[in-house]
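Inspection log for the structure reproduced underneath, given as structure tokens.
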Amino acid sequence: MNMTYGLRCQSSNSTSIVLEWHERAPRYLVEYKRASEEWGGRGCRAEHTGCGAPSILVVSQLQPSTDYVFRLHSANAECQFGDPGPEVVFSTKGRKSGCCVVS
């Protein structure tokens, strides 16, 4: 049951990435990690969307200027997850340099 494809980055900033996909399933699991780490390591995290939720997810509290690997699992009506779809890499943007205020 691999119904997952089409995961894309809708937008990003220095600490978050907005993911979008168009598959229809009652539940999804999005896994992500830093590109330099292995799956299941310290940096591996998972985000769940509830049954019937829209197919947009904001992944936040990320590091600036960092590549992240994402993969999407979809579930059937019994909420059993299948194998992940293809891995995709998206990057956060660098921090904008701030300006000093002298008072």
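The values are calculated or read from the model by the stated rules, or taken from the named source; none is laboratory data. Since we're looking at a predicted model, the values are computed, not measured. Here Cβ is always computed from backbone atoms with ideal geometry, including for glycine, and neighbour counts include all displayed protein chains.
Here are the numbers for this structure:
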quantity: Cβ pairs under 6 Å, 6+ apart, first in region 14-34 and within 22 Å of residue 65 (Cβ to Cβ), second part of a loop (DSSP other than H, G, I, E, B) and of a type in the set (Lys, Arg); calculated: 14/93; 14/95
quantity: Residue 99 being at pLDDT below 85, surrounded by 11 or more Cβ atoms within 10 Å (Cβ to Cβ), of a type in the set (A, V, I, L, M, F, W, C) and over 19 Å from residue 6 (Cα atoms); calculated: no
quantity: Neighbours by Cβ (under 6 Å, 6+ apart or cross-chain): first from region 69-83, touching a residue at least 24 places away in the same chain (Cβ under 8 Å); second loosely packed, with under 15 Cβ neighbours inside 10 Å and among the β-branched types (Val, Ile, Thr); calculated: 69/89
quantity: Flag if residue 94 is surrounded by 10 or more Cβ atoms within 10 Å (Cβ to Cβ), in contact with a strand residue (DSSP E or B) (Cβ under 6 Å, 6 or more places away or on another chain) and at pLDDT 85 or above; calculated: no
quantity: Of all residues making up region 55-85, the number that are outside any strand (DSSP E or B), touching a strand residue (DSSP E or B) at 6+ places or on another chain (Cβ under 8 Å) and at pLDDT below 90; calculated: 5
